Ligand code: ADP
């Protein structure tokens, strides 16, 4: 399966999602993470050599792609309409992470508009959701559902472990923090939903 993670805005958890989804899928089948973002955030994350799966740049991708069952692609932020068309054409599932913030949702809706016009197979993932008493996550989900936009049941809470884990070169599952398990559980739910 080829899964692409894309977003129009930066800072919505695109790389975090690509890395943790690759980690989940790799538990059962050889998974390759392709870093197609010019910031090379995923490559930097992988540098200490502690991620459980292989990470290569989009330039190196051709050499490795045949050896893997699953490919997760982290893409360049701010894709153009043409980029989105190519991304949608070249994968089985396009994941669009967004935080529940108004500006991020606005950017998401514009991306969704383009994807709906091309009948792309995409699904939205709510990320960096603030804890109760905030209702932001719930309200964002209701808005997306009211617009008939496909959204994963799984959602990713805002947790400090997500900010710290990359600094250690690990995924949250392997980060020594009491909340790390809760953080990993969100991406486990996402992985299960995708493979169901
Ligand atoms: P993008 O690839 O969309 O720019 P990143 O995955 O790099 O987004 O995340 C942006 C910032 O937010 C990073 O500092 C990251 O550690 C942090 N982050 C991502 N997901 C979460 C989360 N669920 N909770 C808290 N911080 C998060």
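Observations
- Expressed in units of 2.2 N^0.38 Å, where N is the residue count, the Cα radius of gyration of the range 28-120 is 1.19.
- For the chain, built as a Gaussian network whose Cα springs stay under 10 Å, the top-fluctuating residue of 100, 166, 133: 133
- Semi-axes of the equivalent ellipsoid for the range 1-156, computed as √(5λ) from the eigenvalues of its C-alpha gyration tensor and ordered from largest down, come to 26, 18, 14 Å.
- With neighbours defined as other Cβ atoms within 10 Å of a residue's Cβ, the residues 44, 98 order from fewest to most as 44, 98.
- Annotation: extensible slack from residue 145 through residue 168 equals 4.6 nm (criterion: 0.36 nm per residue apart, minus Cα-Cα distance).
- Distance in nm between pseudo-label sites at residue 28 and residue 116 (7 Å out along the Cβ direction from Cα): 3.2
- Only Cα pairs under 8 Å and 6+ residues apart enter the sum, and on that basis the relative contact order of the chain stands at 25 percent.
- Extension gain, residue 59 to residue 132, is 22.0 nm, computed as 0.36 nm per intervening residue step minus the present C-alpha separation.
- Distance cut-off 18 Å, percentage of C-alpha pairs in the range 58-102 lying past it: 40
- The share of Cα pairs per 5 Å bin across the range 28-76, counted from zero up to the longest distance, runs 5, 24, 32, 26, 12, 1 percent.
- On the basis of the beta-carbon distance and an R0 of 45 Å, residue 179 and residue 82 show a calculated FRET efficiency of 0.65.
- Shape call, the range 68-153: gyration tensor on alpha carbons, a/c limit 1.5: prolate
- The mean sequence distance of close C-alpha pairs (under 8 Å, at least 6 residues apart), as a share of the length of the range 1-101, puts its relative contact order at 48 percent.
- Annotation: average projected area of the range 133-196 is 5.4 square nanometres, based on the convex hull of Cα atoms across all directions.
Computed from the coordinates by the stated procedures, all read-outs in this text should not be read as laboratory data. No experiment lies behind these values; they were computed from the predicted model shown. As a convention, Cβ positions derive from the backbone with ideal geometry for all residues, glycine included, and neighbour counts pool all protein chains shown.
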